[in-house]
1. So which residues in the stretch 43-75 are among the aliphatic types (A, V, I, L, M) and either touching a Leu at 6+ places or on another chain (Cβ under 8 Å) or within 18 Å of Pro108 (Cα to Cα) (or both)?
2. Considering Leu78, Leu89, Leu121, Leu109, which residue is surrounded by 14 or more Cβ atoms within 10 Å (Cβ to Cβ), touching an Asp or Glu at 6+ places or on another chain (Cβ under 6 Å), at pLDDT 80 or above and under 27 Å from Tyr14 (Cβ atoms)?
3. Would you check which residues across the stretch 124-152 are at pLDDT below 70 and surrounded by 13 or more Cβ atoms within 10 Å (Cβ to Cβ) and list them?
4. Which count do you get for residues in the stretch 43-90 that are in contact with a Phe, Trp or Tyr (Cβ under 8 Å, 6 or more places away or on another chain), touching a residue at least 24 places away in the same chain (Cβ under 8 Å) and not in a helix (DSSP H, G or I)?
5. Mind checking which residues of the stretch 54-75 are surrounded by fewer than 14 Cβ atoms within 10 Å (Cβ to Cβ) and under 23 Å from Ile13 (Cβ atoms)?
6. Return yes or no: is Ala95 crowded, with 16+ Cβ neighbours inside 10 Å, more than 19 Å from Leu28 (Cβ to Cβ) and under 10 Å from the mean Cα position of the chain (by Cα)?
Amino acid sequence: MLGNSMVKWDDNIYNTPVYPVTDAARYLGIPVATLRSWLKGRSYSTKNGQQAFEPLIQRPDSALPQLSFTNLVEAHVLRIIRETHQVKLYKVRKALDYMGQQFGTAHPLVTRRFQTDGVDLFIGQMDQLVNVSRSGQLAMRETLKNLLTRIEWNADG
């Protein structure tokens, strides 16, 4: 929400690539290497060989290094989920993959309001609590009600 009107995160004004990664990292208080991993992914070695860490945030144009305003908001929400709420990265990835598939959005971090118990991510969907970190498993709302923390947005969205 922006004021009383709905933000349309797919509008060109929000998806224009204008922010260099180093500036975005500084604005958001995120290490540059972390933000680059979230944007580009990276490979890493394990005892089973090379593994790939796929990007978590989709830039508007993969040929351009700059981020959009939508990407800034996504990175901010992702930082809060990881640092403040301590949700494991593999749970975040499962949630984002599920949200992208089920709701057809490239930007679930800005198009949905998440709640967390510090382990999983949930969304409210038609009076049900859906655990998006566990591929849409339904959760018992009353049982979790007192354990969940909303990932809050300020009055300006």
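1. Passing the criteria: Leu56, Ile57, Leu67, Leu72, Val73, Ala75.
2. When all the criteria are applied, what remains is Leu109.
3. Passing the criteria: Gly136, Gln137, Ala139, Arg141, Leu144, Leu148, Ile151.
4. Counting residues in the stretch 43-90 that are in contact with a Phe, Trp or Tyr (Cβ under 8 Å, 6 or more places away or on another chain), touching a residue at least 24 places away in the same chain (Cβ under 8 Å) and not in a helix (DSSP H, G or I) gives 5.
5. Residues satisfying the conditions are Asp61, Ser62, Ala63, Leu64.
6. Yes.
The values are calculated or read from the model by the stated rules, or taken from the named source; none is laboratory data. Bear in mind that the values here come from a model prediction, so they are computed numbers and not experimental data. Backbone-built Cβ (ideal geometry, glycine too); neighbour counts: all protein chains shown.
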